[in-house]
Each structure stands twice: as structure tokens, then as C-alpha cells.
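The values are calculated or read from the model by the stated rules, or taken from the named source; none is laboratory data. Because the structure is predicted, anything quoted here is derived from the model rather than measured. Neighbour counts are summed over all protein chains in view; Cβ atoms, including those assigned to glycine, are modelled from backbone coordinates with ideal geometry. Only protein heavy atoms, including side chains, enter the accessible area calculation; ligands, DNA and RNA are left aside. Shrake-Rupley method; radii C 1.70, N 1.55, O 1.52, S 1.80 Å.
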Amino acid sequence: MIVSVNWLKKFTDIDVSIDELVDLIGARLVEIESVENLGEKYKDVLVVKVVECSPVPDSDHLNLTKIDDGGKAQNVERDENGLVQVVCGAPNVKAGMLAAWLPPASTVPESINDKEPFVLGARELRGFTSNGMLASAKELDLYEDHSGIVEIDKDAAPGTSFAELYELNDYLLEVENKSLTHRPDAFGIIGFAREVAGIQGKAFTTPAWLEDLNPDIMSDDSVELPTVTIDDPELSDRFEAIVLSDVNEGAQSPLEIQTYLSRSGIRPISAVVDVTNYMMFLAGRPLHAYDYDKLLTVGGGKADIHVRSGRKGETLGLLNGAVIELSEDDIVIAAGETAIGLGGAMGGADTEIDSNTKRILLESATFNLYKLRGVQMRHGIFTEAITRLTKGIPAPLGTPVLVEAAKMIGQFAGAKVASSIIDTYPGKHDAIVVTIEESAVNATLGTQFSAADIKELLENVEFNVGVDATKLIVTVPYWRNDIHIAEDVIEEVGRLNGFDSINPVLPLRDFTAVRPTDFDVLRTKLRTILVRAGSNEVLTYNFIHGDIMRKAGQDPETAYRITNSISPDLQYYRQSLVPSLLVNVHPNIKAGYDHFALFEINKFHTKLNGLTEENVPKELDGLGFVVANSKKATGAAYYEAKQYLEYIAKELGLTFVYEPLEENANYPVTQPFEPKRSARVWEATTRERIGVIGEFKKSVQKAFKLSDNVAGFEISPVSLLKLTSSLKPTYEALSKYPRTDRDVTFQIAKEVPVQTVYDALSEALLSTNLQSGTAPLDMYEPETGETKNITLRITLGSNEKTLTGDEVNKVMAEVTEKVVTATHGKVI
């Protein structure tokens, strides 16, 4: 956004240098990216009167003129009357007119930033000396119009500085828009001037025409009052319109208005269009003009306007020549059933103003800013209007801007008001009132403000402030939709006074380091355990695309959708962690990592868990883990994931048991897992639910491009904290004697869970009073038959001696007998 300093000065005094002003704005309002000294470009341009004008012999377009510059230009040839001769090819040059003259030795403004700027001189044209040039708008670098020379439309004496006459001895400030996203009021010159006044410590007064939110305007009521219906109040807070007749579309706006539009980066077109653009830059409120007669034609003879959503398969031709297919998320302005505009973004070609336009419908409306941001991305429309509307322009601003624009179009284009204002306003709301104590402001900012000081700072920018002893009752102006709570007011006080003006004082508080919570300690320990086991921690977005949930077998309808997502790929809160890890498996395998493990400790949300007392989604903590092997593995991936989970249990001093995952498990955490190859995880003693472990469904494997050798688990750190908080530290010294391994294969019935073997084996080994361990080696389950084979490696050792072969055989016989008894199986 470009801000003209001279335009600001029309509304507030600026009594600091340009450098000081830039520093002040940068420190207290918004970053200034660059400053352009516009006056330097126009310093040599003079207003002159064309005294004589006659055709150049043997030329079909050149004219020989004599101009009066009031004797201001130096070192230029003059005739006996002090006039300067200039040859001009513009078709509109004539005797008696005032024009802009670039004298010899001056630089053409259009070329001032060129590598070699064009410096004028005196030269011969068709045998006549031409001194400098009479300039067009293009040569003056105002806008792209080279059809004729600029005609001065103000009374001015010859020799007057063109820059002074049209306030071009100006500085242009290029503002960094992103840091003003929350401040729609500052996207207009008047709002920006209010802020400049406030940060200078000056009181600002809104112009009378803008302060009156319900202004009167006389109408001849020559047209039937159009009807406006907002079909869905979610689409628009307010829609206002007025009909103007007898419009001279060929009329041009005054040159001064054209120069201010030019400074703002907008090309002047006609009085009607220029006024709508001028008011947008002045007050920050976009307007749009429709050809009223075309609108009637489209609407079947009726001016029945609807604000509605786009319809599937509906198309709209835009003013820029593009034809777009509308989305159901688009906001559409329709005449009857026919779309005539993309609300807040661009008008339609069917109601475009042209040279035959006599009546216009002037619109002032606000639209759902979140939907407009979607329109921007969907259709690639980034106009000045939609840029402002996506900031949340306040609805009350509409009427005064609409009335002032109608008056200006009447002044410049001869228009008459043909209807009263049509106003549909479903989004009315009361002013925000914030109560705050003087002490709260000072405690937060480290200042010594009195209530009177705070009142003055806020009232400078037109807050309404009442004071009751040390309590301030702040009524927020309608244009400040960023102020809602006491902290917002405190920030505003600090900003207006300048955060850099606060005296730095060391806080009088204890600097004892904050002790991490038990949960933080546990999370750190879990990270350490998994990294020590060879896993890699990743951090992924809490927001994901709906497709990721669908690939994982989850239902997006049970997820919270983000209304104003920062990207189309980040539409939903995720409902568990494992899908985010699965997304990263295939890319890592493609990158050459054939065997790896990933984990993430983070939060997730699901509608199934409801809301907090504050009516926000409950946050759930989780630990997601995935292990992948792109090579052909010798065993089931389930057991590799289980090794990691058992390692966690061992390091935390817990014992986990595993039970079959029910077929109808339909909670988001369990949905990616294949029930036949997965298990619920419980703590053995307390029966506290820990989570789920297993391999993934074939549909999930296909969707994420996974091999068969991928498994994972998702567990609850909160449950682990509950269990470990009551555990006492245990220590078992490492034996100095060697251990021995024995492999044993049990054959059990198909219906007997593998966990039964583990439970029986653990109980049997516990009774031996030896150091022991168990690890799975293999499981064989034929497609036909009634049994399955499980091969386990049992490790035995003693802290007192080296076990003999006979001792090991005896223990193994006792252990295997107990397992066989418990499982009704046999050793093979």
C-alpha cells in the first residue's frame, strides 16, 4: 500500500521531518518499506498559458505555440513579448489553455528512474525552435495517457509550480501490508491519518461527512426502489445501494483527484470509476458501480438483487475478460437468478459501465472475510478492493461513504440521485465496552500513567473513555474490530505512547528457574528412550488435509475443520498422530532410507471427545510411532514395533499386556490398524489402557504407498504419567557372569492368543529367581490347520555364578512345562 504524506496532511498536522515521521510510523504503527520523494520528479514542471497556437506549415499535426511562463524559466530564448516558442503535436492544444511545460534542461518525469534519464533541450522541428515540451499525463508519469497534453483545471498564474498547484511536492510511503492485516481502518488515508495524529500525541477529528453514520441525501425517486436480499447472513453483514441517473460517463474527474489516484498506483478512467477508487483509498471502503439498465435487463426488468452462494456449474464473466466457474463457497451478487458479480472481488461483464451508461447502481457492502480469502486463492483475484475487504471492513462505514461518493459523482459527472438508499443490515451489533484499571495498565507496561494520561492517549484516536477514579470505561470505536479485551486496550496505550519510550526497569520478582512439570519430564524421558532405541523424532503439522484422514480410514466429519486455514493442505485438526507419520514413510524410502523408525509426541483433537468448559476443542496428548522396512523381512512387522513398545515399558518399570483389537473398533486412533494383526495395550497390574499397536489395513498401505513391513503404535503419555508417578525407582545390577540363550518353539491352538504364551512364560520365569528375558523369533501359522507355532528366545543368567548346562536344562524344563499347561499346547 502506498500512502501520500500530503494526503495525510489534509486531515492532520505533521510537524516532524519525513525521516522522523517514517521512524515514528515504523515504531508505532507499521513498517515502511520505502520512501519516494515525489517532489524531486516535478520540481522543474511549470504551469504555462498557451497565448498563441497555429499550425506548422507542411505538417498534418504539429502546432507552433507561444507560451507564457511568467518569466520563471531561466536561460531560455524568448520573443519581444517574453513568450517562449514550443512546437507541440497534441491534438488538444489551443490558445488560451493552461498546460504543464517542461523547460529546457529539465528531466522528463517519466524517465527519471531510467538508466539514462531524458533531459530536454531546445531543438529544431520543421525549421522552428522548440523549447522543451508541453507534457502529456504519460510524460508526467501520472498515468498511461499520451493522447493529448494535460489541461490544467485550476486557476493559476503562468509560472506557477505544477507540483505546488497539485500538491505533488509530496513523499510517498510504501507500507508493508501484512503487519496491518488486523487493522482495516488503516487501509484508508483518513484512518491512517488518525493513527499518525495519535502517535504524534495529537487529537484527531473525523471529517464531518464521515462521522455522520446516517446522513441524509435528497432523491427525485425517479426509479422504483430496488430490493436487496441477503440469502445467507453468514455471507454479508450489510449491503447498501443507491441509484444515480443522468450520468455523463464520458466526464473526467478533476486532475487533482487523478494525481492522488496515480500516487496510489491506480490509473484514472472516468469520473464514476475514479470516485469509487478515490473513496476506497480515502476511507478504506470499496464501492462498485453497476450499469443499472443492464442490471434490469439481466434481471428480467426487475432490480431484485440477491447476495447468495455460488451454484454448482454456474459461470460468470468478469470485468477483466475472464470467465470463471463459480464455487459453492463463492459469494455472488445476483440480479434475480443470474450472477452479475463476484461479491467483494470483481464485477461482472454483463453490468459493466461503458460509454452508453446513463444510470448506475452504486453498491457499498461488506462480505465474509474468510470466504473472500478463499475467493482470492481460488480465482487468483488480488484487487485493491478485495485486499481491504479481507481485513474485515466495519459495516457502519458504508452509508457515509456511499452518500459522499454519490455527491461527488453528481458534482463531476452530472448525476442525479434517483432513489433513496437501499440498506439490508443483518449484522448489527453493539459497541464493545472494555473496563480496565489504571493499575493494570501500569503493571503490564511498566509505566506510571494516570487515568487522565490513558484517557488522553485513547481519545486522541477517538476512543470514548469514561473515568471513575482509577477505573476507565473504554467504548471501542466501530472501526477498531481488533479491540475486545483489557489486554488489547493496554497494548493500544503502549503503542500510542511508544513502547520504546518505556523506561527499562528490572522486574522485582524471583528469578528461580521454573521446575519442569512431571508431564514434561516424562515426555523428555520418552524421547530419550526412543532415540536410544534407534528411532527418529519428527514434528509435523497439527493441521492436515482431509485426504490424509480418508487414506487412514478416518472420517473427516468427526474432525474440526479450520475456517480460515493458512493453506488448502491444512484444512483440519488431525484426530491422531500415526497418519501424519505414515505420510512420511514413502518419501523417506524414496530418499534411500530402507529401514527406519519415526515417532512424534504431540497433540490432536477430535469431535468425539467434546469441548472444554471454555467451549473449545479438548486437546489430547499422544505418542505416535511407525517402523518401516522396505526390504523383505523375516518376521512380522508387528513384533518389531512391539520390541520398541516393550523397551519403553521396561525403561519405565511397567509391564504391558496385549489383547486382540476388536473388529468394530471405530475410534480415530484405531482406524488405520488391521484388527486381525493388531492389539489393545494395557498395563498388566492396573489394567490402565495404554493404546493400540499393530500393522495397518491393506487400504491404508495402498493409500500411503507402504510395504507390508510397516507397523506402529499410538499410546497415551497421560496414561503413562498416571502409572509412573506412583512407581518407586528400581535397580538391578548387571551380572558379571555370562548369560545363556535357549530357543524354544511352542505349538498352540489357533484360537489361543500369543499373549497367553507370553503371560505364562513371564510368570514361569519370575518364579526361577534368575535374570531372564524373552524375545520373539518367529511365528508360523499355516492357512489350513488348527495350530500355530511360536518360536521364542529365552535368556537366562545369575548374579551369583555361571549357570551349568544341567541347571539351564532343569529351568527350561520347568518353564516349558508351565507354559504347555497354561496354553494346552506342546513343545516341538
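None of A157, A100 is in a strand (DSSP E or B) and modelled with pLDDT of 95 or more except A100. Among the residues of segment 711-728, the ones that are in a loop (DSSP other than H, G, I, E, B) and touching a residue at least 40 places away in the same chain (Cβ under 8 Å) come to 3 in all. When the test is whether a residue is among the β-branched types (V, I, T) and open to solvent by 40 Å² or more (accessible area, probe 1.4 Å), V119 passes it.
Do we find that R677 is of a type in the set (K, R) and closer than 21 Å to S762 by Cα in this structure? No.
Selection of first residues in segment 54-76 that are among the acidic types (D, E) and of second residues that are open to solvent by 30 Å² or more (accessible area, probe 1.4 Å), restricted to Cβ pairs under 8 Å at least 6 apart or on distinct chains, gives the following pairs, ordered by first then second residue: D58/R126; D68/K49; D68/V51; D68/P158; D69/P158. Within segment 211-238, the set of residues being open to solvent by 40 Å² or more (accessible area, probe 1.4 Å), outside any strand (DSSP E or B) and of a type in the set (S, T, N, Q) comprises N214, S222. For I790, are the conditions met, namely being aliphatic (A, V, I, L, M), crowded, with 17+ Cβ neighbours inside 10 Å and within 21 Å of L734 (Cβ to Cβ)? When the stated conditions are applied, I790 does not pass them.
If you check L661, L645 for being in contact with a Phe, Trp or Tyr (Cβ under 8 Å, 6 or more places away or on another chain) and modelled with pLDDT of 95 or more, only one passes: L645.
The single residue among A241, A208 that is under 24 Å from N481 (Cβ atoms) and either buried (at least 20 other Cβ atoms within 10 Å of the Cβ) or touching a residue at least 24 places away in the same chain (Cβ under 8 Å) (or both) turns out to be A241. For segment 467-523, the tally of residues that are more than 25 Å from the chain's Cα centre (by Cα), open to solvent by 60 Å² or more (accessible area, probe 1.4 Å) and under 25 Å from P396 (Cα atoms) stands at 0. For first residues located in segment 785-806 and under 19 Å from V820 (Cβ atoms), partners that are open to solvent by 70 Å² or more (accessible area, probe 1.4 Å) and hydrophobic (A, V, I, L, M, F, W, C) and lie 6+ apart or on another chain with Cβ distances below 6 Å form the pairs I790/M779; T791/L777; R793/L777. Within segment 729-765, if we keep just the residues that are among the aromatic types (F, W, Y) and surrounded by 15 or more Cβ atoms within 10 Å (Cβ to Cβ), the residue that is modelled with the lowest pLDDT turns out to be Y758. Total residues in segment 65-86 satisfying the condition of being among the acidic types (D, E) and outside any loop (DSSP other than H, G, I, E, B): the figure is 1. It is to be established whether one or more residues within segment 485-505 are free of Cβ contacts under 8 Å to residues at least 24 places away in the same chain and among the aliphatic types (A, V, I, L, M). No: segment 485-505 contains no residue that is free of Cβ contacts under 8 Å to residues at least 24 places away in the same chain and among the aliphatic types (A, V, I, L, M).
Would you say D60 is in a loop (DSSP other than H, G, I, E, B) and open to solvent by 30 Å² or more (accessible area, probe 1.4 Å)? When the stated conditions are applied, D60 passes them. Contact map, segment 441-452: residues that are more than 11 Å from L472 (Cβ to Cβ) paired with residues that are loosely packed, with under 12 Cβ neighbours inside 10 Å and of a type in the set (V, I, T), Cβ distance under 7 Å, separation 6+ or inter-chain. Pairs shown: G446/V505. For segment 771-785, filtered to residues that are open to solvent by 60 Å² or more (accessible area, probe 1.4 Å) and in a loop (DSSP other than H, G, I, E, B), the residue that is nearest to Y638 (Cα to Cα) is E781. Every test in (1) over 27 Å from the mean Cα position of the chain (by Cα); (2) closer than 22 Å to A203 by Cα; (3) open to solvent by 60 Å² or more (accessible area, probe 1.4 Å) is passed by A443 save one, and that test is (2). Of all residue pairs spaced 6 or more apart or on separate chains, those with beta-carbon atoms under 9 Å, a first member in segment 454-466 that is within 16 Å of V196 (Cβ to Cβ) and a second member that is among the polar types (S, T, N, Q) and assigned to a helix (DSSP H, G or I) are L457/N497. Remark: pairs (first residue in segment 604-632, touching a residue at least 24 places away in the same chain (Cβ under 8 Å); second residue aliphatic (A, V, I, L, M) and open to solvent by 50 Å² or more (accessible area, probe 1.4 Å); Cβ separation under 6 Å; 6+ apart in sequence or on different chains) = D621/V718. Residues that are assigned to a strand (DSSP E or B), free of Cβ contacts under 8 Å to residues at least 40 places away in the same chain and either open to solvent by 50 Å² or more (accessible area, probe 1.4 Å) or polar (S, T, N, Q) (or both) within segment 665-700 comprise K676, R689, listed in sequence order.
When segment 251-306 is limited to residues that are polar (S, T, N, Q) and in a helix (DSSP H, G or I), the one that is surrounded by the fewest Cβ atoms within 10 Å (Cβ to Cβ) turns out to be T297.
Per the conditions (1) part of a strand (DSSP E or B); (2) free of Cβ contacts under 8 Å to residues at least 60 places away in the same chain; (3) acidic (D, E), the sole criterion not satisfied by E662 is (1).
Candidates V22, V30: the one that is within 47 Å of the chain's Cα centre (by Cα), modelled with pLDDT of 95 or more, under 30 Å from N177 (Cβ atoms) and of a type outside the set (G, A, S) is V22. Kindly indicate whether any position in segment 568-583 is at pLDDT below 95, polar (S, T, N, Q) and within 13 Å of S535 (Cβ to Cβ). Within segment 568-583, none of the residues are at pLDDT below 95, polar (S, T, N, Q) and within 13 Å of S535 (Cβ to Cβ). Across segment 162-200, the qualifying residues are those that are modelled with pLDDT of 95 or more and of a type in the set (S, T, Y), and the one among them that is farthest from V401 (Cα to Cα) is Y171.
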